[in-house]
Structures are given as C-alpha cells and as structure tokens.
Amino acid sequence: MAATELETHMKSLTGHAASARGKYAEGSPEYFRSILSSLSGNLYLAELYEKLLAQVVRKNDFAGLKSIFYHKAKISLLPSSGGYDHCERLWPLLDLLASADFDNMYRVLPEGLPLSKNGYPMYIHGTNVLLCLLYNTEDKTVYEQNRVKEKAEKFVASKKPIWERAVVSCLLAIMGHDVPRFSENLQNLCVGYNRADIAPYMKLQCQSAYGLLALARHFWSEEEFDAVILPEYKNFSKDYAEWLFSQKELSDDLCVIYEAPMDGLNDLLKKPIALTRIYQKYLDSDSPYLSNIEKKAWYMDYNRMWEELLGDGRDGVKID
C-alpha cells in the first residue's frame, strides 16, 4: 500500500468530515453526501490511485488492479450536477465495466430513458448507441437505431479527438458485430487516450478500453470475441483482460478501506449505484430567454438520486 499517499488522503477526508459535522448530524444522509461528494475531485485520492496503479501493474496483481478500477468508477458514478442528461454517466460506466460489473450497467442506463440530446458529443452518441444495444431486440424496437447509427457515424468521421471517436466507433462495431473495426479502434483508443487532456494517473491504464472489451464479450458470440485482436500499448494489459474474463466470481473489494468514524463509506460505495433519474428542469419556466429546445431538455436529477442512494431517514444512512 502507498502509505504516504493513503495517509494524506485520509487526512484530507478527515478534514471534510470535520467540516460536515459542523453542518450536519454525524451519520446523517447529508453528512455522508457531503463527504462522498468531496471524493470526486479529491487531489489526494488521485495521487493515491497513481501510486497504487504503478504498484499493482508492476506486481501483476490483477485483483488489486480490479479493485482500483472498481473503486474509482463507483466514486465517478456518484450523483453529480454536470449540467447534462444521462449521457454524463457514459465514460464512468465504461470504466466500471473494466471490472465486469454488468448488474450496475442497467442501473446507469435503465429501461425507459429517452435518447440523449443534452451533453458532450462523445457522451451523447456513445450513450445512444449503447441504449440501442441494451434495449433494441429482434422483437422490440425502442430506439430509432438507423438514425442513431447515422448520427454516430458522422461523429466518428469528424475531427474530434481520436480517442473519443474510437470509443463511439467501438460501440458501433459491437452493434454491427464488426470484429476488425472493433480491434482497430480499441487500439486507437489506447494510443489516443495517452494524449488526452486527462489526469496523469488515468493514462497509466486505459480503463475504458477494458470496459469496451467486456461489452463486446457480453454481446458477442464466443467465436466473435475470440477473434478480437487486443491492443498493443503500454496502457493496456492483455494479462489483466485474460484474468478478468477467466474469473467465475468477482469480488466487490475497494482499493481503500475506510476506518471509523467513516467506515460507513465502505458500505455506501459497495451499494448498487444510484439509479439514473432525469427531469426537465426548465419545462415549466416562463423565461423569455429559454428556447423551446432548452425548456424540453433533460438533466440529471441528482438530488433525487442522492436521496435514493442514502435513504431518507434522519437517524443515519440506510444500508439495505
């Protein structure tokens, strides 16, 4: 364990907890929401991830690598207010699938969501392709797949960053059962990811590449999946992928175990992810400055999601 980084992270978290106690009853939903919210942008947690990633990769500790992927993704999927609709959960969902957590996938993108329209282009197109994959079947058409595909292909042909286009191209390849396209773009993703404007520790492992590979395995036949050519790049471990898919059961271990008085965080981070909730924030607004499109736009209903994640009791967090 990266002792110095862990100690620094815990000191930072203890400081947030002290601040939360000054505002809320210790153990209350508001108290834990305040602490959990501080984790998302915690610089010291990022430093800890970086040190731990280097250690587990060097030791070929694949269970440890999975626990880091799982921990990071669960924090990234805590309710947030990014100003987008459900598409803002696409990237952390792909990261979550790097630990093969398919149960939570259907909580991130539950049945009944509309197609995404409010968000960053990669998120919108990737989300819409994935919704088609999840819910369109031979017997039931929920989404206009041809239209979704057409728009996504236009994005792929654009001049957006190569790794963003590769993510959407991989999803389109899964939809079309196009193994060569998938293999090529998984490689492009890993190479382009290393040039992306992201935190340094994230470049050590292209977590979303493993998630896309897990998705391909989920939707494809064994013969199709076995034909995939895995990336040859420093941020992708073929050995981890082989280990992940060879496991009959996977634990929900976190890479950090929080001790009292914050041990409730362990249970909260292991709970099922908050079900995605969206609402039309400005639907009833009479503001003359909002267009009809803006009034009809969907946004993440993060307050409701926090309430459902933490429970509504005043005597402490409900852990089901």
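Backbone geometry of the range 202-217 corresponds, through the Karplus equation with coefficients 6.51, -1.76 and 1.60 at θ = phi - 60°, to 3J(HN,Hα) couplings of 5, 6, 5, 9, 7, 4, 5, 5, 5, x, 5, 5, 5, 5, 4, 5 Hz, x marking Gly and Pro.
If each residue of separation counts as 0.36 nm, what is the full-extension length gain between residue 283 and residue 159 once their alpha-carbon separation is subtracted? Kindly include the intermediate steps, with their values, before the conclusion.
Numbers: separation 124, 0.36 × 124 = 44.64 nm, distance 3.37 nm.
Here the answer is 41.3 nm.
Each other residue within a Cβ distance under 14 Å of residue 6 adds +1 if Lys or Arg and -1 if Asp or Glu, for a net charge of -3. When each of the peptides 108-118, 274-284 is scored by how many other beta carbons lie within 10 Å of its residues on average, the order from highest to lowest is 108-118, 274-284. In this simple spin-label approximation, residue 226 and residue 21 carry label points 7 Å from Cα along the Cα→Cβ vector, and these lie 5.9 nm apart. Other residues with beta-carbon under 15 Å from the beta-carbon of residue 59 carry, at +1 per Lys or Arg and -1 per Asp or Glu, a net charge of +1. Here r is the Cβ-Cβ distance between residue 54 and residue 242 and R0 is 22 Å; the resulting FRET efficiency, rounded to 0.05, is 0.55.
What a 1.4 Å probe finds exposed on the chain is 48% carbon and sulfur by accessible area, rounded to a whole percent. To the nearest 10, the accessible area of residue 149 is 90 Å² with a 1.4 Å probe. Averaged over its residues, the chain has an accessible area of 49 Å² per residue, based on protein heavy atoms and a 1.4 Å probe. Would you mind checking the pairs 117/270; 11/59; 140/270; 72/117; 271/295; 160/203 and listing those with alpha carbons more than 23 angstrom apart? In this structure, 117/270; 11/59; 140/270; 72/117; 271/295 lie more than 23 Å apart at Cα. Recomputing Cα extents along the principal axes in Å from the coordinates shown identifies the correct label among (1) 76, 59, 44; (2) 59, 54, 35; (3) 59, 46, 34 as (2).
Accessible area of residue 206 (1.4 Å probe, protein heavy atoms only, ligands and nucleic acids ignored): about 0 Å².
The values are calculated or read from the model by the stated rules, or taken from the named source; none is laboratory data. Since this is a predicted model, take the numbers as computed values, not measurements. For neighbour counting, all protein chains shown are included, and Cβ atoms are generated from backbone atoms with ideal geometry for every residue, glycine included. We work out accessible area using only protein heavy atoms, side chains counted, and drop any ligands, DNA or RNA first. Shrake-Rupley method; radii C 1.70, N 1.55, O 1.52, S 1.80 Å.
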